[in-house]
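FYI, it's all coordinate maths here, none of it is from the lab. Everything numeric here is computed off the predicted structure, so don't read it as measured data. All Cβ positions, glycine included, derive from the backbone under ideal geometry; neighbour counts span all protein chains shown.
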Amino acid sequence: MLAAITAIALIQGSSASAGETTAAGRIKADQVCANCHGLDGQAASGGNSAMSPKLTAQRREYLVARLQAYRSGSLQHPQMTLVARMISEQDIEDVADWYSSLEIALSGNVTRSENDLDPGALAGKNKAEQVCKHCHGIDGRSVPDEDTATVPYLSGQPREYLVDRILSYRSGRIDHPQMTPIAQSLSEQEITNVSEWYSGIEVDVLDFD
């Protein structure tokens with residue numbers, strides 16, 4: 001009986017701790033992330049929002065890894081490097097917990113028949129089936145496993161952001177063991193098409209207030 005009570009207490013403590021971390025992440029995200037990414041992760045409108053990735057329901061492992069890379073300097077960005085260095089390791093964990101906890105539904109391109117897709121989006125879907133699906137999923141949200149835990153979700157990302165990111169891999173400005181050769185195998189039109197496919201998958205945030 002004592003063992004059962006102890007187990008229940010540990011589970012309740014873990015749940016409370018997780019809830020507190022998510023709440024702390026929401027507060028920190030409102031302070032340092034929302035201006036560009038939005039508190040709901042859907043990228044604030046106006047300004048340079050087209051180049052700000054959406055963080056809604058993004059993988060926790062990916063968010064932590066990316067923020068730590070900006071913080072260490074292994075990945076450089078004029079704004080994100082500064083932001084990542086002014087927050088603590090715990091803040092990074094908390095913010096990742098907040099954005100990864102958001103619940104979503106997908107619509108847009110993934111709910112349309114191929115006859116209803118724009119030609120560019122259809123071409124992008126076909127190319128994504130060939131070169132993107134294994135890691136990112138055809139809907140931009142591949143099933144998490146050990147190999148893809150730090151692979152970002154692509155669904156609903158701004159088209160301009162996706163094009164810029166793939167071109168950065170293609171040019172060598174960002175070096176990545178998988179993405180660099182894949183990007184270099186794509187034409188500029190194929191990059192545009194793939195970006196049109198994934199950006200046209202709409203991400204609807206559920207129960208956010």
### Query
Relative to the first principal axis of the alpha-carbon coordinates of the chain, what is the inclination of helix 89-101, with its axis defined by its Cα atoms, in degrees from 0 to 90 and to the nearest 10?
70 degrees
### Query
Hey, how many Å between the Cα centroid of segment 132-188 and the Cα centroid of segment 70-100?
20 Å
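Expressed in nm², what is the orientationally averaged projection area of the convex hull enclosing the Cα positions of segment 107-209?
Numbers: hull surface 29.4 nm².
With every direction weighted equally, the projected area is 7.3 nm².
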### Local net charge near I174, Cβ-Cβ under 13 Å (Lys/Arg +1, Asp/Glu -1)
+2
### Message
Nearest 10 degrees is fine. How inclined is helix 159-171 to the longest principal axis of the chain, computing both from alpha carbons?
### Response
80 degrees
### Message
Under the rule a/c < 1.5 gives rounded, and otherwise a/b versus b/c splits prolate from oblate, where does the chain land using the Cα gyration tensor?
### Response
prolate
### Query
Which angle between 0 and 90 degrees, to the nearest 10, do you get for helix 60-72 versus the longest principal axis of the chain when only C-alpha atoms count?
80 degrees
### Message
I need the peptides 20-30, 114-124 ranked by packing, meaning the mean over residues of other C-beta atoms within 10 angstrom, with the highest value on top.
### Response
20-30, 114-124
